[in-house]
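**Student:** Below is the structure I would like to discuss, written out as structure tokens.
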Amino acid sequence: MDKHIFSRWQAALCTLFVLADGLYLSGIGWLPLLCSAVVSAALLFVLLKLPGKLLDAVCAVLALLLTLRSISRIFFFWQYEGTQAALAVVLLVLTAWLLSRRGADCLFMWSFPVMLTAVVLLLLSVAVTVPDWNFGYLALPAPRALLSESARMVPAFLAVLLPAHLAGGAKAPAWGLLLGGGLLALLSLRTLLLLGGTTYAYPVYAAAGLAAVGDFLKRCEVVFAAVLVLCECARIAVCFSFVRTCGGQKRSAAPSRAVQLARARKAAGKP
């Protein structure tokens, strides 16, 4: 990995990685999200100290599972929206693959402006709904429920181990995890204050649909979903990039057939 990947690039990619879960939040409160983000950021430092081969193996399995999970859940979301789900998934995976072909360094660099754009749009979608918030829905969870919900989200947040391993450090990715977790908590809080206990298949998406900017933009949930789908694309691209990076390292580490023959001739004393 290139040593000149700036900290802000690492944090940005990890933020996008975490925000990919934003479209599917259901039944998780804002306070458990904050707690699990803090705990996960601390655990990230511990996990990155695992032996190199073990860490590579864990991340390889993680890359496979995250790719399958992303494809599955985005397929069902588009099916729910009445979109051509299969075609949309193929285009998403193809885009992620093309991004990963540029290399991990370019992926980190690309993530910074994308993250800034995503954060601004998400905050805007929250801001326009503030007048409709009903703080009567706000209530702190019981301690046992808080611990249970926080524990449920820790494995999801620890998936950021994959881009952190690509980056080669934990400090900046931990900040990215905290930023992404904080934004997810804000989206969850917005959903609670708008919808209360009303049940929806995709409650965060439904809450975004209540936003409107005059007559110019009445379906803010479309922009909201597009931002989070872009985050999902970044997550799949990270998984592909990890596989390509590991494959390249193994190929470069293994000597070619010609080199092996030359070494054998030299060992045998032949010119």
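The values are calculated or read from the model by the stated rules, or taken from the named source; none is laboratory data. Quick caveat, the model's predicted, so the values are computed rather than measured. Because the Cβ atoms are built from the backbone with ideal geometry, glycine has one as well, and the counts that use them run over all protein chains shown. These accessible areas exclude ligands, DNA and RNA; they are computed on the full protein's heavy atoms, side chains included. Shrake-Rupley method; radii C 1.70, N 1.55, O 1.52, S 1.80 Å.
**Student:** What is the chain's relative contact order, in percent, from Cα pairs under 8 angstrom and six or more apart in sequence?
**Tutor:** Result for the chain is 43 percent.
**Student:** From the list (1) 72, 52, 36; (2) 64, 39, 30; (3) 86, 42, 30, can you say which value of Cα extents along the principal axes in Å was derived from the structure given?
**Tutor:** This structure yields the entry labelled (3).
**Student:** Would you mind calculating the relative contact order of region 118-232 from Cα pairs under 8 angstrom and at least 6 residues apart, reporting the percent as a whole number?
**Tutor:** Relative contact order of region 118-232: 38 percent.
**Student:** Using Cα atoms only, what is the angle between the long axis of helix 104-127 and the major principal axis of the chain, expressed in degrees (0 to 90) to the nearest 10?
**Tutor:** For 104-127 against the chain, the angle is about 0 degrees.
**Student:** Could you go through region 181-195 in sequence order and give the Karplus-derived ³J(HN,Hα) for each residue, using 6.51 cos²θ - 1.76 cosθ + 1.60 with θ = phi - 60°, rounded to whole Hz, and x for Gly and Pro?
**Tutor:** My calculation for region 181-195 gives x, x, 5, 5, 5, 5, 5, 5, 5, 4, 4, 4, 6, 9, 9 Hz in order.
**Student:** Looking at the P(r) of region 1-79, how many percent of alpha-carbon pairs lie beyond 21 Å?
**Tutor:** Tail fraction, whole percent: 46.
**Student:** Could you give the dipole magnitude of the chain about its Cα centre, charging the beta-carbon of Lys and Arg +1 and that of Asp and Glu -1, in debye to the nearest 20?
**Tutor:** Here the size comes out at about 1760 debye.
**Student:** How much accessible area per residue does the chain have, in Å², with a 1.4 Å probe?
**Tutor:** Ligands and nucleic acids excluded, the result is 52 Å² per residue.
**Student:** If packing is taken as the average count of other Cβ atoms within 10 Å, what order do 46-55, 163-172 fall into, highest mean first?
**Tutor:** Ranked from most to least packed, the peptides come out as 163-172, 46-55.
**Student:** How large, in Å, is region 124-177 by the Kirkwood hydrodynamic radius built from its alpha-carbon pairs?
**Tutor:** After inverting the mean inverse Cα-Cα distance, the result is 14.4 Å.
**Student:** Now for a different question. Quick one: pull the percent of accessible area on the chain belonging to carbon and sulfur, 1.4 Å probe, ligands and nucleic acids left out.
**Tutor:** 68 percent
**Student:** What accessible surface, in Å², does a 1.4 Å probe find on residue 198, ignoring ligands, DNA and RNA and rounding to the nearest 10?
**Tutor:** Its accessible surface works out to 80 Å², give or take rounding.
**Student:** Using a Gaussian network for the chain with springs between C-alpha atoms less than 10 Å apart, which of these wobbles most: 227, 61, 238?
**Tutor:** 61
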